[in-house]
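The structure appears below as C-alpha cells.
Taken together, the values in this text are just the output of simple stated rules run on the coordinates, not laboratory data. Computed from a prediction, not measured in an experiment: that's the story for all the values here. Neighbour counts are summed over all protein chains in view; Cβ atoms, including those assigned to glycine, are modelled from backbone coordinates with ideal geometry.
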Amino acid sequence: MSVRPLIAGNWKMNGLAKESAAELSALISKANDQGEVGCDILICPPALLVSQMATLAEGSAVSIGAQDCHTQEKGAHTGDISAEMIADAGAGYAIAGHSERRTDHGESNEVVKMKAEAALRAGLIAIVCVGETLEERENGKTLDIISDQVKNSLPEGATAANTVIAYEPVWAIGTGKVPATSDVDEVHNHIRSDLKLLMKDAEGVRLLYGGSVKGSNAAELMAVENVNGALVGGASLKAEDFWPIVETSL
Ligand code: PGA
C-alpha cells in the first residue's frame, strides 16, 4: 500500500516571531518552486507562533501543528492550551507524548492517549510519539516498551487519516546518534504489526522516524520499509537544512 509520506518539523522552544516567519517563508517558497509535492510537509512551532505561522502558510503546501495540547476542551487549567484552540488558530496537527513531554512533564501513556483523543475531538491529526531509552535498548526491552506505548497511547477512534505514530528513540533525540537502519526497520515493522491488531486500516498509518534526522542521513532512513516520513527537531529550524530532508520524499 502506498502511503503519502509526512515530513514534520518540531521547532520545540526555539524561534522568535520575526526569524520564524522568515524561515517558514523560505520553506514555503522552496515548496512553491517545486510545484507538485509528493509528501505532506508540517512545521510545529512554539504555541505562541501557531496562529501567525498558520496565517503565513495558508494555501501553501506547508501545514502547521502544535507540539502539545491539553486533554480538556476548556476550563480552569492555567497556562494550558486546548486542541480546540489550536484548531481555531489554523493548525491541522498536534504532537502528543513527545519524549521531552513524557520526561519534563511526567506524561504517562494514559495522559498521552487522552491528549491524542483531544486532538481528534478537535479535528486535528494526532502525532503520537513512542521510543525507548538507552537503558531499555541495552536491556533488550525495546520492542516490549514500544508495544506498551503504542497500545496504551493510541487514541480511541484512531484511523490512518487522523493518527500518525512517530518512533523516536530517546537516546537519538538531539544527540547526533541514529540507530542502524536494521533497528529502525525492526521497530517500524513491529509497530505496524501491533497496529494491525488495534485498528482496521493500520497499513495506511504513517510511521515516522525521529531522532537526529539530517539531510545527510534522511535518504537512507526514508528508504526503510514502513518508514513513511520523519519527525525532525534541530534540522527543521532552518529551511535550508529542512528542505533536503523533504526532498527525499518528494
Ligand atoms: P532532533 O529531534 O531531530 O533534534 O534529534 C527530534 C525530535 O525530538 O522530534
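None of Glu136, Glu117 is farther than 21 Å from Ala235 by Cβ, away from the ligand (no atom under 16 Å from the Cβ) and more than 18 Å from the chain's Cα centre (by Cα) except Glu136.
Within the stretch 193-229, restricting attention to residues that are of a type in the set (Ser, Thr, Tyr) and surrounded by fewer than 17 Cβ atoms within 10 Å (Cβ to Cβ), the residue that is farthest from the ligand (Cβ to nearest atom) is Ser193.
Scanning the stretch 6-20 for residues that are part of a helix (DSSP H, G or I) and not charged (D, E, K, R) returns Ala17, Ser20.
Could you go through the stretch 4-13 and let me know if any residue there is within 16 Å of the ligand (Cβ to nearest atom) and loosely packed, with under 15 Cβ neighbours inside 10 Å. Yes, the conditions are met somewhere in the stretch 4-13. Restricting the first member to the stretch 96-121 and to residues that are more than 18 Å from Met85 (Cβ to Cβ), and the second to residues that are among the aliphatic types (A, V, I, L, M) and more than 13 Å from the ligand (Cβ to nearest atom), the beta-carbon pairs closer than 7 Å and six or more apart or on different chains are Gly97/Val112; Lys113/Leu154. Candidates Val178, Val187: the one that is hydrophobic (A, V, I, L, M, F, W, C), in a helix (DSSP H, G or I), over 17 Å from Pro5 (Cβ atoms) and in contact (Cβ under 8 Å) with a residue 12 or more places away in the chain is Val187. For the stretch 136-171, a residue qualifies if it is touching a residue at least 24 places away in the same chain (Cβ under 8 Å) and of a type in the set (A, V, I, L, M), and the qualifying residues are Leu143, Ile146, Val150, Leu154, Ala158, Ala160, Ala161, Val164, Ile165, Ala166, Val170. How many residues, within the stretch 139-162, are more than 16 Å from the ligand (Cβ to nearest atom), in contact with a helix residue (DSSP H, G or I) (Cβ under 7 Å, 6 or more places away or on another chain) and either in a loop (DSSP other than H, G, I, E, B) or among the polar types (S, T, N, Q) (or both)? Matching residues across the stretch 139-162 total 9.
The residues of the stretch 230-250 that are part of a loop (DSSP other than H, G, I, E, B) and more than 15 Å from the ligand (Cβ to nearest atom), listed by number, are Ser249, Leu250.
Taken together, Ala89, Ala83 contain a single residue that is buried (at least 21 other Cβ atoms within 10 Å of the Cβ) and more than 16 Å from the ligand (Cβ to nearest atom), which is Ala83.
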